[in-house]
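S.K.: Encoded as structure tokens, here's the structure I'll be asking about.
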Amino acid sequence: MPHGPFNMLPDLPRLESTALGPPRFSLRTLMLAMVAVSCLMAVGTAVGTASSLVLLLFVGLIVAHVLGNSLGTKLRDRASTAIDSETVLDEPEPTQPRALKLPRDLAPGRLGQHKRLSRVAPAMACGGAVLGAFAGGTGSALIYPEAGAAPVALGVCSAAVLGGLVGFLGSSFVTVILSAWREALRAGEPQHR
């Protein structure tokens with residue numbers, strides 16, 4: 001960068017780290033990417049919407065895999081050269097463990113502890129499965145009256161699985177919220193010793 005009275009830009013600091021810079025590509029690479037996207041859109045127009053979405057998914061997976069592999073290799077290489085270039089001049093000073101100063105009336109947290117599943121969660125999962133099976137069977141029979149027994153049975157089973165999952169997740173969520181609420185209420189009460 002030229003120095004003198006006409007240089008109005010400040011000197012930018014150079015970062016010597018493992019961070020990646022902005023992506024760099026040439027005009028040729030940009031044009032090739034535009035040609036590839038145009039070809040992909042032409043194929044999508046020719047094969048239809050559903051097929052083009054499947055094709056787009058697989059192309060996106062391939063591109064994400066290649067970019068992730070390239071990025072990981074580049075970061076690993078930069079990190080290993082940065083570690084090799086560092087020289088340890090002296091040993092770091094040993095640190096002493098510090099004691100945290102916590103309030104005396106702080107209640108011990110119980111949300112980090114593992115405990116058995118309450119009896120409510122499996123009951124709600126079973127109830128959700130039954131309700132989901134009933135709603136799924138009734139709904140699929142009403143929406144598709146010409147469907148045979150096999151598709152309706154498949155709809156009943158999938159709706160039962162989804163209903164059981166929603167029931168289990170909902171009951172687990174409510175159980176955790178109630179446990180946290182009780183713990184917060186107990187923490188706010190004065191403790192008698």
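The values are calculated or read from the model by the stated rules, or taken from the named source; none is laboratory data. Remember, predicted model here, so these are calculated numbers, not experimental data. Using ideal geometry, Cβ is built from the backbone for each residue, glycine included, and neighbour counts are taken over all protein chains shown.
S.K.: May I ask you to say which residue of Gly155, Gly137 is at pLDDT below 85, more than 24 Å from Leu117 (Cβ to Cβ) and part of a helix (DSSP H, G or I)?
M.R.: Gly137
A quick yes/no check of all residues on (1) assigned to a helix (DSSP H, G or I); (2) modelled with pLDDT under 90; (3) within 23 Å of the chain's Cα centre (by Cα):
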site	(1), (2), (3)
Leu9	no, yes, no
Ala19	no, yes, yes
Val43	yes, yes, no
Asn69	yes, no, yes
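S.K.: What number goes with the only condition from (1) modelled with pLDDT of 85 or more; (2) in a loop (DSSP other than H, G, I, E, B) that Leu102 does not pass?
M.R.: (1)
S.K.: Checking the conditions here, which among Leu185, Leu169 is among the hydrophobic types (A, V, I, L, M, F, W, C) and at pLDDT 85 or above?
M.R.: From the options Leu185, Leu169, the qualifying one is Leu169.
S.K.: Taking interchain pairs and intrachain pairs at least six residues apart, which have beta carbon atoms under 8 angstrom, with the first residue in the stretch 171-188 and among the hydroxyl-bearing types (Ser, Thr, Tyr) and the second in a helix (DSSP H, G or I)?
M.R.: From the stretch 171-188, the pairs are Ser171/Val120; Ser171/Ala121; Ser171/Ala123; Ser171/Met124; Ser171/Ala125; Ser172/Ala121; Thr175/Val120; Thr175/Ala121.
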